[in-house]
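See below for the structure under consideration.
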Amino acid sequence: MKFFEEKRREVMKHIEKFMLEKMNEYLKPIDTIWQPSDFLPDASRETFFSEIKELQESAQGLSYDLVAVLIGDTITEEALPTYESWLTMVEGVSDDEEGGWMKWTRHWTAEENRHGDLLNKYLYLSGRVNMRAMEVSTQYLIADGFDIGTGHDPYRNFIYTSFQELATNVSHRRVASHAKKAGDTLLSKMCGVIASDEARHAKAYKYFIERTFEVDANEAMLAFEDMMRKKIVMPAHFLREVGLKIGQTFGHFTDAAQRLGVYTAIDYVDILKELITDWHIASVTDLKEDGEKARDYIMALPDRLLRVAERMKNPMLEYKFSWIDG
Ligand SMILES: [Fe+2]
Ligand SMILES: [Fe+2]
């Protein structure tokens, strides 16, 4: 075990160098990147109330499920404190404030923080949401935390974030196109710019793991296998509403997403396939016996999951969220 820990520390030192180097490539300059106010009615202008009226009229066209998914997505984004504190607990990385890990974590958090800000303000202005119920869910989710099966292992963490950033890219992108179809071009634009942030972040995390495979292939493969055996759970899997127990709302949220086609079991498989391709899993060399077995498992997994996904019925159960009145 000691050997693995030392090796990981060594590898992370190597990766942290890239985290500093690549920060300007994968994160955008703060002065010029979009801010929530670029999309929202400006309260200092005379046109404020007419702009809100327009926003509310467009939001009327959004379906119940779409509003529910958007609220779930927003709460997921708003639980950012959970993700930041989790990243700082990873083992084998430097906690030097100016080192690669901490600097990346702060800058990534700073970019992500805009997502919840923007969506929250939009939902508040839309008039479609019981804000108090939504805020209770947000406070619960941050208080409850999450359990995503990575432990404090840096490899599992980056594999998780690679997957998760791709998943959020898909779901924000799909909400954007649903919103557009429903005639809400403002919301569509908002979700579009958020989706492209997520895509950049995914590239970064995938790159870090790609570098890890180059220097510690066997352990990286075992970590990938382990995360896929456990299944990637969404960061909001503890989602609940007022009066409910931990996680009781989450299934209804994912049902709505599956029904709408915003994020489905097929998307899960597509993301897995993308990671297999981008990390060149089929051609990784220097594997030990357990690493080879792990690879076999991973390579066979997309087809297996597809067969399961094809048999899955679309969840039809209608559920009334406390977040939405009527
Ligand atoms: Fe985000
Ligand atoms: Fe993200």
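The values are calculated or read from the model by the stated rules, or taken from the named source; none is laboratory data. Nothing here was measured: the structure is a model prediction, and the numbers come from that model. Neighbour counts are summed over all protein chains in view; Cβ atoms, including those assigned to glycine, are modelled from backbone coordinates with ideal geometry.
Checking the conditions here, which among Tyr160, Tyr155 is within 16 Å of ligand 1 (Cβ to nearest atom), at pLDDT 95 or above and buried (at least 20 other Cβ atoms within 10 Å of the Cβ)? Of the residues listed, the single one that is within 16 Å of ligand 1 (Cβ to nearest atom), at pLDDT 95 or above and buried (at least 20 other Cβ atoms within 10 Å of the Cβ) is Tyr160.
You will find that of Thr277, Thr249, Thr264, the residue that is free of Cβ contacts under 8 Å to residues at least 60 places away in the same chain and buried (at least 18 other Cβ atoms within 10 Å of the Cβ) is Thr264 and no other.
Checking the conditions here, which among Glu6, Glu46, Glu16 is under 30 Å from Asn218 (Cα atoms) and exposed (fewer than 13 other Cβ atoms within 10 Å of the Cβ)?
When all the criteria are applied, what remains is Glu6.
The one condition from (1) surrounded by 15 or more Cβ atoms within 10 Å (Cβ to Cβ); (2) modelled with pLDDT under 95 that Pro41 does not meet is (2). For beta carbons closer than 6 Å, sequence separation of 6+ or different chains, a first residue in the stretch 162-177 that is more than 9 Å from ligand 2 (Cβ to nearest atom) and polar (S, T, N, Q) and a second that is in a helix (DSSP H, G or I) and at pLDDT 95 or above, the qualifying pairs are Ser162/Tyr205; Ser162/Lys206; Ser162/Ile209.
Looking only at the stretch 1-24, residues that are among the charged types (D, E, K, R), touching a residue at least 40 places away in the same chain (Cβ under 8 Å), more than 18 Å from His152 (Cα to Cα) and assigned to a helix (DSSP H, G or I) come to 1 in all.
On inspection, Ser58 fails the criterion of being free of Cβ contacts under 8 Å to residues at least 24 places away in the same chain and either closer than 30 Å to Leu239 by Cα or surrounded by 13 or more Cβ atoms within 10 Å (Cβ to Cβ) (or both).
For the stretch 112-132, the set of residues classified as among the aliphatic types (A, V, I, L, M), more than 16 Å from ligand 1 (Cβ to nearest atom) and surrounded by 20 or more Cβ atoms within 10 Å (Cβ to Cβ) consists of Val129 only. With respect to the conditions (1) at pLDDT below 95; (2) on the phi > 0 side of the Ramachandran plot, Lys313 lacks only one, and its number is (2).
In the stretch 113-138, which residues are within 17 Å of the chain's Cα centre (by Cα) and either free of Cβ contacts under 8 Å to residues at least 12 places away in the same chain or within 16 Å of ligand 2 (Cβ to nearest atom) (or both)?
If the condition is that a residue be within 17 Å of the chain's Cα centre (by Cα) and either free of Cβ contacts under 8 Å to residues at least 12 places away in the same chain or within 16 Å of ligand 2 (Cβ to nearest atom) (or both), then Asn113, Arg114, His115, Gly116, Asp117, Leu118, Leu119, Asn120 are the ones that fit.
Scanning the stretch 179-196 for residues that are in a helix (DSSP H, G or I) and surrounded by fewer than 22 Cβ atoms within 10 Å (Cβ to Cβ) yields a total of 10.
The set of residues from the stretch 70-99 being in a loop (DSSP other than H, G, I, E, B) and either in contact with a strand residue (DSSP E or B) (Cβ under 7 Å, 6 or more places away or on another chain) or away from ligand 2 (no atom under 16 Å from the Cβ) (or both) comprises Thr88, Met89, Val90, Glu91, Gly92, Val93, Ser94, Asp95, Asp96, Glu97, Glu98, Gly99. Residues that are under 23 Å from Val170 (Cα atoms) and part of a loop (DSSP other than H, G, I, E, B) do occur in the stretch 278-297. Hey, does the stretch 301-310 have a residue that's part of a loop (DSSP other than H, G, I, E, B) and acidic (Asp, Glu)? No, there is no match, as no residue in the stretch 301-310 is part of a loop (DSSP other than H, G, I, E, B) and acidic (Asp, Glu). Scanning the stretch 43-69 for residues that are under 18 Å from Thr185 (Cβ atoms) and assigned to a loop (DSSP other than H, G, I, E, B) yields Thr47, Gln60, Gly61, Leu62, Ser63. Applying the set (1) touching a residue at least 24 places away in the same chain (Cβ under 8 Å); (2) within 15 Å of ligand 2 (Cβ to nearest atom) to Gly192 leaves exactly one unmet item: (1). In a residue-by-residue description of the stretch 229-244, the property of being more than 15 Å from ligand 2 (Cβ to nearest atom), part of a helix (DSSP H, G or I), surrounded by fewer than 20 Cβ atoms within 10 Å (Cβ to Cβ) and modelled with pLDDT of 95 or more applies to at least one position. Screening Lys231, Lys203, Lys245, Lys181 for residues that are over 12 Å from the mean Cα position of the chain (by Cα), within 16 Å of ligand 1 (Cβ to nearest atom) and charged (D, E, K, R) leaves exactly one candidate, Lys203.
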